[in-house]
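Comments concern the structure below.
Throughout, read-outs are computed from the coordinates displayed, never taken from laboratory work. The structure displayed is predicted, hence computed values, not measured ones. Cβ sites come from the backbone with ideal geometry, for glycine too, and all protein chains shown count toward neighbours.
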Amino acid sequence: VELSAPAMSGAGAFQALAGYLFGGNEQGVKLAMTTPVISTSNAAGAREKMSFVMPSGFWAEGALQTAPTPKGDAGVTLEPIDAGGLGMGGAEAVAVAWFGGFAGKADVAARRQALLARVEADSAWEATVAKDTPPLLLQYNDPFTPPWKRRNELALPVRRANGDTHK
């Protein structure tokens, strides 16, 4: 289950999502902050959507219906998304590249190309999304964490190539 602010990007989306979790919802209920923050981008690398994973009490079938209602003007929507979007295209697994520092647009684009090249180099696996589909960016730190302590991941959904079961 994810909490998404699709109409905003960057700091504005993060603030909207954090506001919802910290009680800025119709019921004024405070929820636990979770990680990672998941961002999706368009083919040009511009962030299109930022999501938080809801606390585990909302993961069961139908449980999202009991979550606090976002305020109408907050730009926040509640969406059930299987596996946080990691199962796109019939994925069986996820290829992940870890990196520190800030996740700038150019850095993410370069790391995406390197991750895709590693998947393509392994004949047992194939990406389940088009080559121009950006991977999911997972970020684990608050905005005040210094660059040398930050953890980021790029996740690319993959499946076994040609029914290979050896890996």
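Protection proxy ranking for 15-24, 30-39, using the average of other Cβ atoms within 10 Å per residue and placing the highest first: 15-24, 30-39. Placing pseudo-labels 7 Å out from each Cα toward the beta carbon at ALA114 and ARG151 gives an inter-label distance of 1.9 nm.
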